[in-house]
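Student: Sharing a structure with you now.
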Amino acid sequence: MLKILGIVFAIIVVGIAGVLAFAATKPDTFRVQRAASIKAPPEKIFPLLNDLRSFAAWSPYEKKDPAMKRTYSGAPSGKGAVYEWDGDKNVGKGRLAIADSSPPSKVTLELDMLAPLKAHNSVVFTLEPKGDSTNVTWAMNGQVPYIAKIVHVFLDVDKMVGQDFEAGLANLKAIAEK
């Protein structure tokens, strides 16, 4: 019996060591990106991205916790606009600030997650006209600390966040094409 427990313990230790070693091979940065073609000019879509109050109409995160607390500060739109939220486990707590705004082609935001995990990421929306449509790309990138690398061994962050981006772009498309 003691020998079996020793073998089981050894297998667990080797398994944990394997996960930790595999996590160490994960990249130090991440990028999640999705795009959609929206049948509207960039000038119609841009205000929905450049005014953080407009996010309530299309962001998939707004629907995950309708009761979350929201505050807005800084500029009403564009560079300097700030949106802070405090929600349940589905949305956490954080701050989003427009760092740069280039009408009607690009909005760059700084995302600071405070809970459930702390993170500082960049979010960029780019709008590229294509005939009577606009290709809208939503991208997020940031650093991956070692503890997050361990999480990435078990969770496909690109798939999880990517699904939210796809839902948000579909909502944005529905609003902009009205």
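Student: Starting from residues that are among the hydrophobic types (A, V, I, L, M, F, W, C) and surrounded by 13 or more Cβ atoms within 10 Å (Cβ to Cβ), keep the ones in segment 23-38 and report whichever is nearest to GLN143 (Cα to Cα).
Tutor: We begin by selecting, within segment 23-38, every residue among the hydrophobic types (A, V, I, L, M, F, W, C); these are 23-24, 30, 32, 35-36, 38.
Now restrict to residues that are surrounded by 13 or more Cβ atoms within 10 Å (Cβ to Cβ): 23, 30, 32, 35-36, 38.
On the way: ALA23: 14, PHE30: 6, VAL32: 12, ALA35: 22, ALA36: 25, ILE38: 30 Å.
For segment 23-38, the residue satisfying everything is PHE30.
Student: Exactly one condition in (1) more than 14 Å from PHE125 (Cβ to Cβ); (2) in contact (Cβ under 8 Å) with a residue 40 or more places away in the chain; (3) among the β-branched types (Val, Ile, Thr); (4) not in a helix (DSSP H, G or I) is not met by ILE98; state its number.
Tutor: (1)
Student: Which residues, counting only those in segment 87-140, are within 24 Å of LYS69 (Cα to Cα) and of a type in the set (Asp, Glu)?
Tutor: ASP88, GLU110, ASP112
Student: Of (1) farther than 29 Å from ILE147 by Cβ; (2) hydrophobic (A, V, I, L, M, F, W, C); (3) modelled with pLDDT under 95, LEU49 satisfies all except one. Which?
Tutor: With respect to (1) farther than 29 Å from ILE147 by Cβ; (2) hydrophobic (A, V, I, L, M, F, W, C); (3) modelled with pLDDT under 95, LEU49 is out only on (3).
Student: Something else: Which of the residues spanning segment 86-127 are closer than 16 Å to LEU52 by Cβ, over 14 Å from the mean Cα position of the chain (by Cα), buried (at least 17 other Cβ atoms within 10 Å of the Cβ) and not hydroxyl-bearing (Ser, Thr, Tyr)?
Tutor: Correct list: GLY87, ILE98, LYS106, VAL107.
Student: So is TYR83 crowded, with 16+ Cβ neighbours inside 10 Å and in contact (Cβ under 8 Å) with a residue 12 or more places away in the chain or not?
Tutor: On the way: crowded, with 16+ Cβ neighbours inside 10 Å: yes; in contact (Cβ under 8 Å) with a residue 12 or more places away in the chain: yes.
Taking the combined requirement at face value, the residue satisfies it.
Student: Out of (1) touching a residue at least 60 places away in the same chain (Cβ under 8 Å); (2) surrounded by 14 or more Cβ atoms within 10 Å (Cβ to Cβ), the odd one out for ALA57 is which?
Tutor: Of (1) touching a residue at least 60 places away in the same chain (Cβ under 8 Å); (2) surrounded by 14 or more Cβ atoms within 10 Å (Cβ to Cβ), only one is false for ALA57: (2).
Student: Hey, another quick one. Out of all the residues in segment 1-30, which are charged (D, E, K, R) and under 36 Å from the mean Cα position of the chain (by Cα)? Don't jump to the end; show me each part of the working.
Tutor: The initial filter retains those residues of segment 1-30 that are charged (D, E, K, R), namely 3, 26, 28.
Of everything in segment 1-30, those that are charged (D, E, K, R) and under 36 Å from the mean Cα position of the chain (by Cα) turn out to be LYS26, ASP28.
Student: For a quick check of your reading of the model, give me the residue pairs whose first member lies in segment 39-54 and is surrounded by fewer than 15 Cβ atoms within 10 Å (Cβ to Cβ), whose second is among the acidic types (Asp, Glu) and not in a loop (DSSP other than H, G, I, E, B), with beta-carbon atoms closer than 8 Å and at least 6 apart or on different chains.
Tutor: Between residues of segment 39-54 that are surrounded by fewer than 15 Cβ atoms within 10 Å (Cβ to Cβ) and residues that are among the acidic types (Asp, Glu) and not in a loop (DSSP other than H, G, I, E, B), there is no close pair.
Student: Considering only segment 152-173, state which residues are without any contact (Cβ under 8 Å) to a residue 24 or more places away in the chain and either assigned to a helix (DSSP H, G or I) or among the β-branched types (Val, Ile, Thr) (or both).
Tutor: Filtering segment 152-173 for residues without any contact (Cβ under 8 Å) to a residue 24 or more places away in the chain gives 154-156, 159-160, 163.
Listed by number, the residues that qualify are PHE154, LYS159, MET160, GLN163.
The values are calculated or read from the model by the stated rules, or taken from the named source; none is laboratory data. Not measured: the values here are computed from a predicted model. For neighbour counting, all protein chains shown are included, and Cβ atoms are generated from backbone atoms with ideal geometry for every residue, glycine included.
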